[in-house]
Amino acid sequence: MESTAARKPRRSAGGKAGTTGTKRAGRTTAKKAPDTDPELVQLLTPEGERVQHADYDKYVAGITPEELRGLYRDMVLTRRFDAEATALQRQGELGLWASLLGQEAAQIGSGRATREDDYVFPTYREHGVAWCRGVDPTNLLGMFRGVNHGGWDPNSNNFHLYTIVIGSQTLHATGYAMGVAKDGADSAVIAYFGDGASSQGDVAESFTFAAVYNAPVVFFCQNNQWAISEPTEKQTRVPLYQRAQGFGFPGVRVDGNDVLACLAVTKWALERARNGEGPTLVEAFTYRMGAHTTSDDPSRYRHDDERAAWEAKDPILRLRRHLESANHTDEGFFAELEAESEALGKRVREVVRAMPDPDRFAIFENVYADGHALVDEERAQFAAYQASFADAEGGK
Amino acid sequence: MESTAARKPRRSAGGKAGTTGTKRAGRTTAKKAPDTDPELVQLLTPEGERVQHADYDKYVAGITPEELRGLYRDMVLTRRFDAEATALQRQGELGLWASLLGQEAAQIGSGRATREDDYVFPTYREHGVAWCRGVDPTNLLGMFRGVNHGGWDPNSNNFHLYTIVIGSQTLHATGYAMGVAKDGADSAVIAYFGDGASSQGDVAESFTFAAVYNAPVVFFCQNNQWAISEPTEKQTRVPLYQRAQGFGFPGVRVDGNDVLACLAVTKWALERARNGEGPTLVEAFTYRMGAHTTSDDPSRYRHDDERAAWEAKDPILRLRRHLESANHTDEGFFAELEAESEALGKRVREVVRAMPDPDRFAIFENVYADGHALVDEERAQFAAYQASFADAEGGK
Amino acid sequence: MAAEKMALAKAINESLRRALDADPKVLVMGEDVGKLGGVFRVTDGLQKDFGESRVIDTPLAESGIVGTAIGLALRGYRPVVEIQFDGFVFPAYDQIVTQLAKMHARSLGKVKLPVVVRIPYGGGIGAVEHHSESPESLFAHVSGLKVVSPSNASDAYWMMQQAIQSDDPVIFFEPKRRYWDKAEVNTEAIPGPLHGARVVREGTDLTLAAYGPMVKLCQEVAAAAAEEGRSLEVLDLRSVSPLDFDAIQASVEKTRRLVVVHEAPVFFGSGAEIAARITERCFYHLEAPVLRVGGYHAPYPPARLEEEYLPDLDRVLDAVDRSLAY
Amino acid sequence: MAAEKMALAKAINESLRRALDADPKVLVMGEDVGKLGGVFRVTDGLQKDFGESRVIDTPLAESGIVGTAIGLALRGYRPVVEIQFDGFVFPAYDQIVTQLAKMHARSLGKVKLPVVVRIPYGGGIGAVEHHSESPESLFAHVSGLKVVSPSNASDAYWMMQQAIQSDDPVIFFEPKRRYWDKAEVNTEAIPGPLHGARVVREGTDLTLAAYGPMVKLCQEVAAAAAEEGRSLEVLDLRSVSPLDFDAIQASVEKTRRLVVVHEAPVFFGSGAEIAARITERCFYHLEAPVLRVGGYHAPYPPARLEEEYLPDLDRVLDAVDRSLAY
Ligand SMILES: Cc1ncc(C[n+]2csc(CCOP(=O)(O)OP(=O)(O)O)c2C)c(N)n1
Ligand SMILES: Cc1ncc(C[n+]2csc(CCOP(=O)(O)OP(=O)(O)O)c2C)c(N)n1
Ligand SMILES: [Mg+2]
Ligand SMILES: [Mg+2]
């Protein structure tokens, strides 16, 4: 079998001149990277033990217990918010919800690595990143409730709207980053996308543009192992972080359930961007603990034991173990957080339930910035049509 | 400057765990690979000297003087045909011509590596490959004359139609190869594309599909340094052959002006495909000696000295030197070839000049295989309209 | 059992199953079509029965799906590809328009591309953005493609059979909000022509023409109008390219009035083409201009507004009134 | 000199130059737009004068071009992107339809996307496949986009100024076969509204409506018809979305007859929308159905057949005769 070399295709300097990668590579699996994978950057083991990493330690060297507690709080509140949204969907208050369960570390770690002037381009699942950016979580719910397609001002928090068309936001991020570079600013841009998205042509094109223009952008791929029902093997046969190299910039695989590692690696990548060193691909190796969305039924395509294995690597538990073993917390902290969590849940419920349906004339709003004769005409016809009912009713 | 490492980003096994490629990679140039580039597979030096290559020699080990002369003949006749077509365009017989001047070795070497049952998906410039496949060269001229959009039956020679929309044929090739694999056949497929095309999303998607399905397809990129006026730096900052690795299959850079190396490397890649080892990327490093097409004026964007440097590496001259120094030829051979060349030129001129305009009703032919009511209706109206002139004229 | 009551989604499933069974060259491809059976379960169980080589979960790349389907068709296969939702067909648009639609003509008829592109389309299911659109006009304008849309389970079954048998590329728009509607499907019937319209209710005062999800609505409208003493004829067009103008003309010559209903935006929608051509064909018959009821020139709205956006009973009746008022 | 005779391509060049000069946020992007100045030289000399950071040669990837232009617009830039030929816009279609067109609405008006997409379009230049198409319908059907097409150098200059100043995405179709046609351009004039039609020849017997490359043809038709004693009014529509229905209506109320001419295929073309709406607006005025002259439902043919495919003097006159015969 020629696949031994293939399983670790990159690092061996061997092979013939003029050939990259493995010759004779049969199929290899990109999915189940063991925890001991030397390619996986990890700073906290699943047991919460802090392990050293020559390259990335420095990015979290000065982190204070308070900051660690902050990361923990972020993850707990994000998860609570997420659970609340899932519940609200079940109650019929939302039409759909895309849960981030299991991906809290990838999102909070990377989100907290960003600076205020950085710009974030999310998919539809980056509730934790939104949290870090200061977007009111209830604003995220409008599109899932069906009252809008995006309920926040992207420029208030430098957090772009959720994008549903898979992969397309990576190009927007790259363009934005090209603009940052033109402005001579030292901000950076980060684009989120999934393992499934890695197959889209747009993502490859964004790599090309980012490389050619040396754009200050970080491509942050949350490889949560699944694109709806498709495992990562349906998208790639080698680890995704390796994709970057062939476009001329570095790729890193980080333990996506290790908030510290995600923070460190993203900081490194954002710093590269700021320093004019161009794009970086970060693959956060994590797991979608829940269904794809509330419409999905994962029991049709995956085994429970897979999920169970990942439960042992839970990002929140991991940091809690670390905090506890380091004596960074006390009971009060957890109790307070629980209360805060409850309060958040309550607020989310209240806000959502009170969220009004949009005015029907909103259909015609903001179709154009400068107006359009046909929209005006149709709005007027619509108004007359609506009024005809009022008249009819009035006439009765 | 951090770019030293970046210029040879791949082979060094160094770098930190979890990182591929060069960290801190600044811009690097993908363009001017020196002849001494260890990554470039070469079997014949520009001076025609046969150099050994541990990995690829075996693919041309048994090559006979006759076969070598055959390659020479192919290149000379292809060049002659190409020159004739350029001349015919100047005379107004063709609307446009895309010359392959300078790319004869890449095309003849790779084309001669294919087996009859293999299938070829060209761009619009693969006149040399068409030659190897046995397509009558005059058939290539119809679309450039404007009498059709593709004047041959792709299945007669397993040579698909020329494709103008950049990159799209790489997906057709991949799909075709998936079909070959489903059929359990041991044929292979080869898709041609350019350095510019490497930026298209379709090409990346074809890499993904080919890798995931382990399709028996060879991606043959003729990097002729230019996409119309854009140098390769506008498409990539690392050598293109490296693109493959991140998709999980090998990439090789071959001297595209060395017909023997192109033959050997393509044979190797096709054999991989036949053996169920999946896709391969071959980057043939060559040069577009002429204009992009007859509509183009390269003096607007590139210097003559670049061209001059490449003239010294001419693929035909190189093989001629080799043949001569090995005493594989005599004056008779060259004289005969010159006569054959003349005859080809004459035939091409005659056929093209006699090529009739298509019947006007051809507009409505082959729009659908099974017919379409509207096409029938419009054809009838068109006929009536045409007839009205005949009537009018007849009536006079 | 030849005749059975089944949901529209199930009818397509059965039709795909029959095609996979009958012809080893038929393939089903798309995102999540395998184990999951598609997000609407239209391909449910097919991979289990026909294997991963016939029912193929693809990478998440629509251009790649259609582009490789073209290659497979060139190799002699008959791929039926699924686009997960209407709004996600656009990454494949280039392959569809420049390659799939034109390759037969480009080859002077030498190659055939029997590819079916299945697209669940239309609104009314309370979905998020990009999941409720009706882009059929964008395909009908493109020669080389055929565009059809069944309105009921029986047509879904048979039109899928015919689409797969067709040597031309067929864009098969499935009315997703009717997926769960049941109807009798006779799997031994002899179907009418794929591109022929059908009178689903006869009438004398006005013709309602629709396809896909709007046929049911038009039938409801006709029933409501009947209570008011008006006799509406309802035409299920079934095919958007070609359009069965003869059938529309025949109906309009009788009723002298036509209202076209579709979910797609009216501006440059199929109602425009129908209105233009029928007005030309029936200029002296029409008592009123052809009226159109459809979406507005605005993005498909958030779910809570979709009822305002979509044609409904009142809006169609309003158009009927306006037409009859001429 | 404020007024100067210049070719249409040159007028666009001058307009881009003026915009680049006036606003540091304006960018020009596309394949070969830099040193080469574009395959039609429309951007000739701009990179030399404004630098590589303002006039950007992009990778060969249309989706990437439009997608990054969106990002640049979000950052405050005003990109003017070039698609090299009509037939190559489709790889960018997804970004245009699902992102560029909808992002303003999606953001409830919070973000604006002042992106101009320049597309040299139409036939008549003897080109190979994909270089002669007229896909404007495929953009007009999509809300959120504005679609315009100048017919002459002066409009080209001013409409480009206005398109760049617009906060909406504008698809700017350039009639490539008129690139070399010269006209007076007054760079100090006060232009009319971007989306208003213009009567370019007054007449009483019938209205010819066209835009882009077909306006000149219609003027020739009107001249020829005048010799036969018929007075045709010619409308240069200038904008395809929105369409200036008021102007068409005003003309048709006078002439009572309308023929619409475009190169794009008739089926689902802009003539359909115009016919449908004008028939509705002018039902009692029209003496004849609105007739359409355009391309057939067939791929744009090889160059040696394009004269048969494209509307020409005879075909338009034939339609005029048919209309007048009612
Ligand atoms: C272009 C496009 N095609 C298909 C879809 C439907 N779809 C929504 S999410 C999804 C899977 C995405 O997987 P991945 O990128 O791994 O992200 P994840 O959902 O796992 O976060 C698919 C196929 C879409 N939204 N856009
Ligand atoms: C999708 C698309 N965009 C643009 C073009 C216009 N165009 C034709 S050839 C070409 C350059 C191609 O460069 P490359 O891929 O390097 O191939 P080469 O011409 O050098 O053989 C361009 C931009 C096209 N044909 N298709
Ligand atoms: Mg995923
Ligand atoms: Mg090239």
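Quick note: the coordinates plus some simple rules give every number you see, no bench work behind them. Computed from a predicted structure; not experimentally measured. Note: ideal-geometry Cβ built from the backbone for every residue, glycine included; neighbour counts use all protein chains shown.
Can you give the charge dipole size of region D:198-325 about its Cα centre, rounded to the nearest 20 debye, using +1 on the beta carbon of Lys and Arg and -1 on the beta carbon of Asp and Glu?
About 300 debye.
If you rank A:L270, A:L171, D:L291 by fewest surrounding Cβ atoms within 10 Å, what's the result?
Fewest-to-most Cβ neighbours within 10 Å comes out as D:L291, A:L270, A:L171.
So what is the relative contact order for region D:198-325, in percent, with contacts set as C-alpha pairs under 8 Å and at least six apart?
Reported relative contact order: 27 percent.
Å³ per residue of the Cα convex hull, for the protein assembly as shown?
About 172 Å³ per residue, rounded to a whole number.
Scan around D:Y211 for amide H atoms under 5 Å from its own, H built in the peptide plane at 1.01 Å from N, and keep only partners 5 or more places away or cross-chain.
Answer set, sorted by chain and number: D:L237.
At q = 0.08, 0.13, 0.15 Å⁻¹, what base-10 log of I(q)/I(0) does the Debye formula yield for region B:28-353 when every alpha carbon is treated as an equal point scatterer in vacuo?
So the normalised log intensities work out to -0.33, -0.93, -1.28.
In whole Hz, with x marking every Gly and Pro, tabulate ³J(HN,Hα) for region A:79-94 from phi via Karplus 6.51 cos²θ - 1.76 cosθ + 1.60, θ = phi - 60°.
After applying 6.51 cos²θ - 1.76 cosθ + 1.60, I find 5, 5, 4, 4, 5, 4, 5, 4, 5, 5, 5, 4, 7, x, 7, 10 Hz.
Step through the residues of region B:372-378 one at a time and calculate ³J(HN,Hα) from phi using the Karplus curve (6.51 cos²θ - 1.76 cosθ + 1.60, θ = phi - 60°), rounding each to whole Hz and writing x for Gly and Pro.
Working through the residues one at a time gives 7, 4, 5, 5, 4, 5, 5 Hz.
Counting DSSP beta bridges in region D:3-186, what percent are antiparallel, to the nearest 5?
Taking every DSSP beta bridge with both residues in region D:3-186, the antiparallel ones total about 20 percent.
Output the pairs from A:K182/D:K25; C:K10/C:K48; C:K102/C:K146; B:K267/C:K102; D:K112/D:K146; B:K58/B:K267 with a Cα-Cα distance over 21 Å in this structure; if there are none, say none.
B:K267/C:K102
In what order do B:E205, C:E133, B:E66 fall by count of nearby beta-carbon atoms within 10 Å, going from fewest to most?
Fewest to most other Cβ atoms nearby, the residues stand as B:E66, C:E133, B:E205.
Using only the alpha carbons, work out the radius of gyration and Dmax of region B:162-239 in angstrom.
13.2, 43
Once the mean 1/r over all distinct Cα pairs of region D:198-325 is inverted, what Kirkwood radius in angstroms do you read off?
The Cα-based Kirkwood calculation yields 14.3 Å.
Would you be so kind as to identify which of B:S341, B:W310, B:S325 lies farthest towards the positive end of the dipole of region B:306-362, taking Lys and Arg as +1 and Asp and Glu as -1 on Cβ and the Cα centre as origin?
Farthest towards the positive end: B:W310.
State the answer as a single residue: which of C:M103, C:W158, C:G126 lies farthest towards the positive end of the charge dipole of chain C, with beta carbon charges of +1 for Lys and Arg and -1 for Asp and Glu, about the Cα centre.
Value: C:M103.
Rounded to the nearest 500 deg cm²/dmol, what is the calculated helix-only ellipticity per residue at 222 nm for chain C, with -39500 (n - 2.57) per DSSP H run of length n ≥ 4?
Calculated mean residue ellipticity at 222 nm is -9500 deg cm²/dmol.
Could you give the dipole magnitude of region D:36-156 about its Cα centre, charging the beta-carbon of Lys and Arg +1 and that of Asp and Glu -1, in debye to the nearest 20?
Charge dipole of region D:36-156: 720 debye, to the nearest 20.
Quick one: what does P(r) look like for region C:3-186 with 10 Å bins over all Cα pairs, in whole %?
10, 41, 38, 10, 0
Taking H placed 1.01 Å from N in the peptide plane, check which residues at least 5 places from C:V28 or on another chain put their amide H under 5 Å from its amide H.
C:V55, C:I56, C:V80
In straight Cα distance, which aspartates and glutamates are under 15 Å from D:K110, not counting same-chain residues fewer than 8 positions off?
Those aspartates and glutamates meeting the cut-off are A:D153, A:E365, A:D370, D:D167, D:D168.
Which whole number gives the average count of other chain Cβ atoms within 10 Å of the Cβ atoms across peptide D:273-286?
The mean count of partner-chain Cβ atoms within 10 Å per residue comes to 6.
For C:V185, enumerate residues with amide H under 5 Å from its amide H, sequence gap 5+ or separate chain, H modeled in the peptide plane.
C:E4, C:K5, C:M6
Less than 17 Å from a label point 7 Å out along the Cα-to-Cβ axis of C:A223: which backbone N atoms in region C:263-300 qualify, by residue?
Hits in region C:263-300 for C:A223 at 17 Å: none.
Taking the Cα centre of region B:329-396 as origin and charging only Cβ (+1 Lys, Arg; -1 Asp, Glu), how large is the dipole, in debye to the nearest 20?
Result for region B:329-396 is approximately 420 debye, rounded to the nearest 20.
Sequence gap at least 6, Cα distance under 8 Å: using those rules, report the relative contact order of chain B to the nearest whole percent.
22
Run lengths n ≥ 4 of DSSP H only: what is the helix-derived mean residue ellipticity at 222 nm for chain B, with -39500 (n - 2.57) per run over all residues, to the nearest 500?
-13500 deg cm²/dmol
I need the shape label for chain D. Rule: rounded when a/c is under 1.5, else prolate if a/b > b/c, else oblate, with a, b, c from the alpha carbon gyration tensor.
Because a/c hits 1.5 or more and a/b exceeds b/c, chain D counts as prolate.
Averaged across orientations, what area in nm² does the convex hull of the alpha carbons in region D:122-218 project?
7.6
Ranked by Cβ crowding within 10 angstrom, fewest neighbours first, how are B:W152, A:W310, B:W97 ordered?
A:W310, B:W152, B:W97
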